[in-house]
Every structure is written in C-alpha cells, then in structure tokens.
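The structure appears right after this line, and notes come after that.
Laboratory data are not the source of any read-out in this text; all were calculated from the coordinates shown. Predicted model only: the values in this text are computed from it and were never measured. Virtual Cβ from ideal backbone geometry, glycine too; neighbours counted across all protein chains shown.
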Amino acid sequence: MKFTKSQEVRKFANALIGIFQEKLGHVGEGNIAYLFTEEQIVEAGKVKAGYACIPQVQNRQRKFYEWAVEKAIGYSPDALIVIDKEIWGMLTDVQKAALVYHELRHLKHSTTGAGKPKYNSETGNPIYQIEGHDVEEFNDVIEHFGAWEGGLVNMKGLLDAEPDKEKVEAVLKAVGK
Ligand SMILES: [Zn+2]
C-alpha cells in the first residue's frame with residue numbers, strides 16, 4: 001500500500017483551520033483528503049515533506065480518474081494533501097503543525113474574472129487552485145546578495161520577529177498535545 005488515509009494529519013488540519021480562520025477558513029468548507037505516502041516525494045529535484053494538489057486530470061481520462069479516486073478514498077475530495085509518512089514520524093508537534101499549515105495554504109479558493117469565489121455546482125464546495133510560495137530562493141543567492149528583493153526583505157523581517165506562540169499552543173492543545 002503506497003497511500004493511506006491519515007487521521008492525525010486531519011486532526012492537525014482541523015485544529016489549524018479553526019484557529020487560523022482568516023487564512024484557512026475556505027479550506028474548512030471543502031472536502032479534503034489527508035494521505036500518508038510511503039514513497040519519497042521529489043519535486044524539481046528536491047525531497048519534500050508533503051504536497052497539496054487538486055485531484056483532476058483532463059480530457060478522456062477524467063471519468064476514469066474520478067472513479068479511481070473515489071474507489072481509493074471512499075469519496076471525491078476537492079483537494080488532496082499528501083505527507084511523507086517517514087518524515088512525519090521524525091517531526092516535532094510544532095513542525096507537524098507548520099507543515100500541515102503550509103500545505104493548507106497552497107489551497108486557494110478559485111475566483112471568477114470578476115473576483116467572485118467559485119463553487120462546485122454539484123457539491124456546493126469551494127473550487128480550489130494551487131497557490132505558489134511567497135518566496136522561492138537559493139541559499140547562495142542570499143549568501144552573495146542578501147535580501148535583494150521585497151519578498152525576501154519581508155521574510156527577513158518575519159524571521160527576526162517572534163512567532164505566533166499563542167495560536168500555535170492553541171493548535172497543539174486542540175490536537176491533544
Ligand atoms: Zn509548498
């Protein structure tokens with residue numbers, strides 16, 4: 001078995017959605033599947049702890065794929081969050097919360113050209129799209145040039161500031177840690 005459903009990841013996600021409503025509330029309106037994988041996740045040559053995706057394929061394979069996903073998971077999720085089971089086992093609770101928050105943040109509520117949020121006409125659930133990271137950079141660019149653009153300057157400020165300990169504590173409490 002390469003993928004298994006994870007109640008623990010779901011628990012973290014539900015706690016995070018409840019406590020970080022402003023950023024994650026729209027994720028709570030959808031049907032998200034939380035899976036562990038036993039296979040290493042590699043993206044653009046880098047090993048990753050997890051990823052978020054929208055379970056959809058185009059054209060002729062669509063019907064078969066939707067059927068296969070429903071068979072495998074038991075329902076048709078609006079989005080998938082997949083976590084490397086081995087890496088998960090090595091993380092602290094705070095790291096687990098940060099990882100799940102990170103993956104949930106990739107799920108953006110799609111909007112129409114006029115800026116109205118889109119919903120699935122059959123289920124009434126939000127339609128998601130994948131949102132990219134605020135900052136993507138190589139260590140050696142920062143080593144040579146420092147915080148050379150606005151996104152990095154902003155992130156440097158955040159790294160120097162205190163993290164939101166109260167909310168993180170509340171998440172850990174909600175998952176029983
Ligand atoms: Zn990411």
³J(HN,Hα) computed for each position of region 141-155 - Karplus, 6.51 cos²θ - 1.76 cosθ + 1.60, integer Hz, glycine/proline x: 5, 5, 4, 8, 10, x, 7, 8, 9, x, x, 6, 4, 4, 5
Rg(Cα) / (2.2 N^0.38 Å) computed for the chain, rounded to two decimals: 1.12
Normalised convex hull volume, region 86-177, alpha-carbon set, Å³ per residue: 186 Å³
Charge dipole (the chain, unit charges on Cβ, about Cα centre) - positive-most of ASN154, VAL47, GLY28: GLY28
Distant-in-sequence amide H partners of ASN31 (H built 1.01 Å from N, under 5 Å): ASP78, ALA79
Helix-only mean residue ellipticity at 222 nm for the chain, each DSSP H run of n ≥ 4 adding -39500 (n - 2.57), per residue, nearest 500: -13500 deg cm²/dmol
Inter-label distance for LEU159 and ASP93, nm, one decimal - labels placed 7 Å from Cα along Cα-to-Cβ: 2.8 nm
Charged-residue dipole, Cβ positions (Lys, Arg, Asp, Glu), the chain about Cα centre, Debye nearest 20: 820 debye
For ASN120, distant residues with modelled amide H under 5 Å away: ASN125, ILE127
DSSP-defined antiparallel bridges as percent of all bridges, the chain, nearest 5: 70 percent
Alpha-carbon centroids, region 54-85 and region 111-177: separation in whole Å: 25 Å
Assigned charges on the beta-carbon of Lys, Arg, Asp, Glu; region 102-177 dipole about Cα centre (debye): 560 debye
Cα-derived Rg to Rh of region 81-127, Kirkwood definition: 1.19
Most mobile listed residue (ILE17, ILE41, ILE142) in the chain, GNM with C-alpha springs under 10 Å: ILE142
